[in-house]
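J.: There's a structure below that I have some questions on.
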Amino acid sequence: MPVHPTAIVDRRARLDASADIGPFVVIDGPVEIGAGTRVLAHAVLLGHTSIGRDNVIHTGAVVGDAPQDLSYRGAPTGVRIGDRNVIREHAEIHRATSLDRPTSLGDDNCLFTRSHVAHDCQLGSGILLATGATLGGHVHVDDRAYVSGNCVVHQFVRIGRLALLRGLSRTSRDVPPFCIMDGTHTVRAVNRVGLRRNGYSAEQIRAIQHAFRILFRTRRNLRHALAELEAGAPGGEVAHLLAFIRASSRGVCTGPRAQESGVSGDD
């Protein structure tokens, strides 16, 4: 087991024989680390943290520290991380507040420098959090979403599949799948490039664009827009989009104001 002699490893930790623990790493608590995972210098892993296979945790990252939640009373909560994730320098993932379920990160995600995943967040797979992206507590992020640099996401917000948040944007509302959002929870376009890169056909993309024009081109009564689309008995991606909006308890992002340009499908 390649553990650098300067690393501090709790006797309760369980490390696969092929895990690589770098200099001055601190592992405090019953941390579990899977095969092929590398933990680089000065990273700190705490508490009931479970880390899968072939992850790379870079210098100064902190995983499993106590939640920044004033209701937290020291319960032995945890973090669960899947396989093949990259967690860059000084990124932070906090453990859950309650024992109901751990803060969770799926597979093949990339958390850039100084990104922050707060307590009780649930992240899928193939997600990118760019430098300085900040997720409040209990945020849910679906597969292959992209949260750009220094974005701020309010607690309990949901971010849909293949959504893209432009840099410096902020939201306290749910972000629909397949969209490009910027400013303050404003839908600007369909993430057409992301859809193409992920194998969606031209027909599928056109159906999504049509739905977005009805839903978000102008700020209209969302119930009426949903009813208009549902009257056509949509399937596939459009049905997924409508179900996401129907399930929202916080409300979803809006289209641009009247004096701004409408939702585009060109991005």
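The values are calculated or read from the model by the stated rules, or taken from the named source; none is laboratory data. Because the structure is a prediction, the values reported are computed rather than measured. Using ideal geometry, Cβ is built from the backbone for each residue, glycine included, and neighbour counts are taken over all protein chains shown. The protein model used for the area step is the full one, side chains on, heavy atoms only, and it has no ligands, DNA or RNA in it. Shrake-Rupley method; radii C 1.70, N 1.55, O 1.52, S 1.80 Å.
J.: Using the Cβ atoms and a cut-off under 9 Å, what net charge is assigned to the surroundings of Ala247, where Lys and Arg are +1 and Asp and Glu are -1?
T.: With Lys, Arg at +1 and Asp, Glu at -1, the neighbours total +1.
J.: Whole-Å semi-axes of the range 65-163's equivalent ellipsoid, largest first, each the root of 5 times a Cα gyration tensor eigenvalue?
T.: 20, 13, 13
J.: Net charge near Ile33, counting Lys/Arg +1 and Asp/Glu -1 over other residues with Cβ under 10 Å of its Cβ? Write down the numbers at each step before the final one.
T.: Working: positive: Arg14, Arg38, Arg53; negative: Asp16, Asp20, Glu32.
Combined, the nearby Lys, Arg, Asp and Glu give 0.
J.: If you don't mind, another one. Provide the FRET efficiency to the nearest 0.05 for the Leu99-Glu203 pair, computing r from the beta carbons and using R0 = 45 Å.
T.: 0.45
J.: Quick check on the range 58-107: take the gyration tensor over C-alpha atoms, sort the square-rooted eigenvalues as a ≥ b ≥ c, and tell me if it's rounded (a/c under 1.5), prolate or oblate.
T.: Verdict is oblate for the range 58-107.
J.: Another question about this same structure. Starting with the highest mean, order 27-33, 187-193 by the number of other Cβ atoms within 10 Å, averaged over the residues of each peptide. It would help to have the intermediate numbers written out before the result.
T.: On the way: 27-33: 20.6, 187-193: 22.9.
Descending mean neighbour count gives 187-193, 27-33.
J.: How do 230-242, 72-84, 135-147 rank on mean C-beta neighbours within 10 Å, highest first?
T.: Highest mean packing first, the order is 135-147, 72-84, 230-242.
J.: With +1 on each Lys and Arg Cβ and -1 on each Asp and Glu Cβ, how big is the dipole of the range 1-136 about its Cα centre, in debye rounded to the nearest 20?
T.: Using Cβ point charges on Lys, Arg, Asp and Glu, the range 1-136 gives about 120 debye.
J.: Taking the Cβ of Asp107 as the center, what net charge do the other residues with Cβ under 14 Å away carry, scoring Lys and Arg +1 and Asp and Glu -1?
T.: Net of charged neighbours comes to -1.
J.: Given R₀ = 22 Å, what would the calculated FRET efficiency be for Asn150 paired with Arg250, taking r from the Cβ atoms and rounding to 0.05?
T.: Working: r = 22 Å, r/R0 = 0.99.
It comes out at approximately 0.50.
J.: In Å², and per residue, what accessible area does the range 73-166 have when probed at 1.4 Å with the other protein chains present?
T.: Accessible area per residue: 38 Å².
J.: Sequence-distant or interchain residues sharing an amide H contact under 5 Å with Gly78, placed H: which?
T.: Residues meeting the amide H criterion: Ala96, Thr103.
J.: Taking a ≥ b ≥ c as the square roots of the Cα gyration tensor eigenvalues, with a/c under 1.5 meaning rounded and otherwise prolate when a/b beats b/c, else oblate, which class fits the range 181-256?
T.: Oblate shape, in that a/c is at least 1.5 and b/c is the bigger or equal ratio.
J.: Something else now. Accessible area of the chain with a 1.4 Å probe: how many percent of it is carbon plus sulfur?
T.: In the chain, the share of accessible area belonging to carbon and sulfur is 49 percent.
J.: Work the Kirkwood hydrodynamic radius out for the range 128-259: mean of 1/r over every pair of different alpha-carbon atoms, inverted, in Å.
T.: 14.6
J.: Here's a follow-up. Over the Cα atoms of the chain, compute the convex hull volume and normalise it per residue, giving Å³.
T.: Per residue, the Cα convex hull of the chain comes to 119 Å³.
J.: Find how much the distance from His4 to Arg73 grows on full extension, using 0.36 nm per residue of separation minus their present alpha carbon separation; answer in nm with one decimal.
T.: My answer for the length gained is 21.5 nm.
J.: Right, something else. Which residues' amide hydrogens lie under 5 Å from the amide hydrogen of Asn109, considering only partners 5 or more residues apart or on another chain, with H built in the peptide plane?
T.: So Asn109 has HN proximity to Asn85, Val86, Gly126, Ile127.
J.: May I ask you to compute the full-extension gain from Ser172 to Val193, defined as 0.36 nm times their residue separation minus their alpha-carbon distance, rounded to one decimal in nm? Spell out each step's value before the answer.
T.: Working: separation 21, 0.36 × 21 = 7.56 nm, distance 2.52 nm.
Taking Ser172 through Val193 to full extension adds about 5.0 nm, to one decimal.
J.: Then there is this: Jot down the radius of gyration and Dmax of the range 1-72, Cα atoms only, both in angstrom.
T.: 11.7, 39
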